[in-house]
Amino acid sequence: SIVEHAPLSSEFMKNTAGNQEAVTTASMSMSDLPYYFKKMNQMKKKYASDLLIHIGFEVDYLIGYEDFTRDFLNEYGPQTDDGVLSLHFLEGQDGFRSIDFTAEDYNEGIVQFYGGFEQAQLAYLEGVKQSIEADLGTFKPRRIGHISLCQKFQHFFGADGRDFSGEVVAEFEAILALVKKRDYELDFNTAGLFKPLCKETYPPKEIVTLARALEIPFVYGSDSHGVADIGRGYNTYC
């Protein structure tokens, strides 16, 4: 599956703060879409005898901009085979802030805004719950991406996935219950293993165990942002 980051709402981008590189590099632009589909369909045909290539998007769940996302999916969803719905931005200091750009930016814009690392975790997990329940139309992705992305910089804050508070675990359990209820699936994302301040999968083993008990399906993803990333961790964890 090639699921490039879908374009962000221009209105949303005006309401972001912090390091603007976190926003400008977060997705393709609307003008990229014709080339993206043309190139991906060319690859589909070229390698058809060797690979089944799926084309789609990793769609950002933008809190408060559901109409934009629904309209985008209604227009471009029919051209896709696959998709992931992910949360990368939360309301924070001076506007929406990136969750996963740098530890310093996350600390300044989100952790301090919510009053601590655990409070930021809870805000992120609440956003994930909203994404699962959101009405984004017929072409809403059924796979929820990296539900523990709030852990990307956990070691910066002296925490790890074995230190979840009871309240945080309860939020993860609520997310899993919603995924199960809607018959969705989860992204088993190995990218976190290779992030020096995370060092574990998204979600970590403890949450995977809870999801498996509910028989929630996982789909492996390397979250590749370059050729060298493709397939990372697959042989060890799948």
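One chain, two ends: Ser224 and Asn41. Fully extended at 0.36 nm per residue, the span grows by 64.0 nm beyond their Cα-Cα distance.
Per-residue accessible area (protein heavy atoms, 1.4 Å probe) orders Phe153, Phe101 as Phe101, Phe153, starting from the largest. Using the Cβ-Cβ distance between Asp94 and Arg142 with R0 = 30 Å, the FRET efficiency computed as 1/(1 + (r/R0)^6) comes to roughly 0.30.
Over the chain, what is the mean sequence separation of C-alpha contacts under 8 Å (at least six apart), divided by residue count, expressed as relative contact order in percent?
Values: 365 pairs, mean separation 37.5, N = 238.
Normalised by residue count, the contact order of the chain is 16 percent.
Label sites at Ser49 and Asn235, each approximated as a point 7 angstrom past Cα along Cα to Cβ, lie 2.8 nm apart. Residues in segment 147-238 average 51 Å² of solvent-accessible surface per residue, probe 1.4 Å, ligands and nucleic acids excluded. The sum of -39500 (n - 2.57) across all DSSP H runs of n ≥ 4, divided by the residue count of the chain, sets its helix-only mean residue ellipticity at 222 nm to -10000 deg cm²/dmol. In a DSSP loop and with at most 10 other Cβ atoms within 10 Å, the GluC sites (Glu not before Pro) in segment 135-233 are Glu215. As an equivalent ellipsoid, the chain spans semi-axes of 27, 22, 18 angstrom, where each value is the square root of five times an eigenvalue of the C-alpha gyration tensor, largest first. Could you point to the residue in Leu87, Phe72, Ile55 farthest towards the positive end of the chain's charge dipole, with +1 and -1 charges on the Cβ of Lys/Arg and Asp/Glu respectively? Comparing the listed Cα positions along the dipole, Ile55 ranks first.
For the set Arg182, Arg212, the ranking by accessible area, highest first and with no ligand, DNA or RNA atoms included, is Arg212, Arg182 under a 1.4 Å probe. For the chain, a crude dipole built from +1 on the beta carbon of Lys and Arg and -1 on the beta carbon of Asp and Glu, taken about the Cα centre, is about 860 debye to the nearest 20. With the simple spin-label model, which puts each label point 7 Å out from Cα in the Cβ direction, the Arg182 to Glu126 separation comes to 1.8 nm. Of the solvent-accessible surface of the chain, computed with a 1.4 Å probe over protein heavy atoms with every protein chain present, carbon and sulfur atoms account for 50 percent. Only protein heavy atoms count here; under a 1.4 Å probe, Phe139 has an accessible surface of about 80 Å². Taking 31 Å as the limit for the C-alpha separation, the pairs Lys14/Lys46; Lys140/Lys205; Lys129/Lys199; Lys46/Lys152 exceed it in the case of Lys14/Lys46; Lys46/Lys152.
Please find the FRET efficiency linking Glu75 to Glu4, where r is the Cβ-Cβ separation and R0 is fixed at 22 Å, and quote it to the nearest 0.05.
Numbers: r = 16 Å, r/R0 = 0.73.
Taking R0 as 22 Å, the efficiency between Glu75 and Glu4 is 0.85.
Accessible surface of Lys14, taken over heavy atoms with a 1.4 Å probe and every protein chain present, rounds to 140 Å². Near Thr16, the amide H atoms lying under 5 Å from its own belong to Phe96; only residues 5 or more places off or on other chains count, and H is placed 1.01 Å from N.
Given Phe96, Leu197, Gly127, which one lies farthest toward the positive end of the charge dipole of the chain, if we put +1 on the Cβ of every Lys and Arg and -1 on the Cβ of every Asp and Glu? My answer, from the dipole projection, is Leu197.
Between segment 132-205 and segment 26-72, the C-alpha centres lie 23 angstrom from each other.
The values are calculated or read from the model by the stated rules, or taken from the named source; none is laboratory data. Since this is a predicted model, take the numbers as computed values, not measurements. Please note: Cβ atoms are built from the backbone with ideal geometry, for glycine as well, and neighbour counts cover all protein chains shown. Remember, those area values only see protein heavy atoms, side chains included, never the ligands or the DNA or RNA. Shrake-Rupley method; radii C 1.70, N 1.55, O 1.52, S 1.80 Å.
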